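Each remark here refers to the structure printed beneath this line.
The values are calculated or read from the model by the stated rules, or taken from the named source; none is laboratory data. Treat the numbers as computed from the prediction; the structure is a model and nothing was measured. Glycine also receives a Cβ, built like all others from the backbone with ideal geometry; neighbour counts cover every protein chain displayed. In case anyone asks, the SASA skips ligands and DNA or RNA and just uses the protein heavy atoms, side chains included. Shrake-Rupley method; radii C 1.70, N 1.55, O 1.52, S 1.80 Å.
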Amino acid sequence: MYFHWSVTFDLPILLGVLLLWGPMGSRGQNDTEPIILEGKCLVVCDSTPSAEPGGNALGMSVRSGSGRVAFSASRQTNHEPTDMSNRTMIIYFDNILVNVGTHFDQESSVFLAPRRGVYSFNFHVVKAYNRQTIQVSLMLNGWPMISAFAGDQDVTREAATNAGLVIMEKGDKAYLRLERGNLMGGWKYSTFSGFLVFPL
């Protein structure tokens, strides 16, 4: 004689069992515990997968700790026109404040995107003398994305500043370029920052 066992799980009961068992039972490699959010079970993982972070069939996501990308740089010295090449007019930043992931190159002052995603950038470039006009652009692979203008002839120190979100592909380059004027000044007042908001 053969016996056949049939077990049926009710989803709410199963989740309740998991919530009760999770903190008291044996833990996995990541020592994660279920978190209750409005009656739902959320498992938070802090692992580092070999592939890009993404979702799975259960709707859970794994966020890689190595995916953090952020930089911020400033000027240590006065920015003279000779600090920029006549060909690119890139604005250089010689003092690194933050460079998580090391994707901002100090020598070239170019940020190299490590993955496809939405990135946030902001810049604040100060002219230190009056009677001059400057225009600064955030460049993405040689194309201006957003620009800022400072041209009050009666103001000694005025900033060209702007911020925005851009979608970057892996390997894309972002930097600041002086589109108009002759940048003189900016000592410790000019900054360029950016970070990965989320990958795509």
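Stretched out fully, how many nm does the piece from Arg180 to Ser120 gain, at 0.36 nm a residue minus the Cα gap?
19.2 nm
Among Arg75, Arg115, what's the order by accessible area (1.4 angstrom probe), most exposed first? Write down the numbers at each step before the final one.
Numbers: Arg75 10, Arg115 35 Å².
Result of the area sort, largest leading: Arg115, Arg75.
Near Glu158, within a Cβ-to-Cβ distance under 9 Å, what is the net charge of the other residues, with Lys and Arg +1 and Asp and Glu -1?
Residues close to Glu158 contribute a combined charge of +1.
When only the heavy atoms of the protein chains count and the probe is 1.4 Å, how do Met89, Met168 rank by accessible area, highest first?
Values: Met89 50, Met168 0 Å².
The ranking, largest first, comes out as Met89, Met168.
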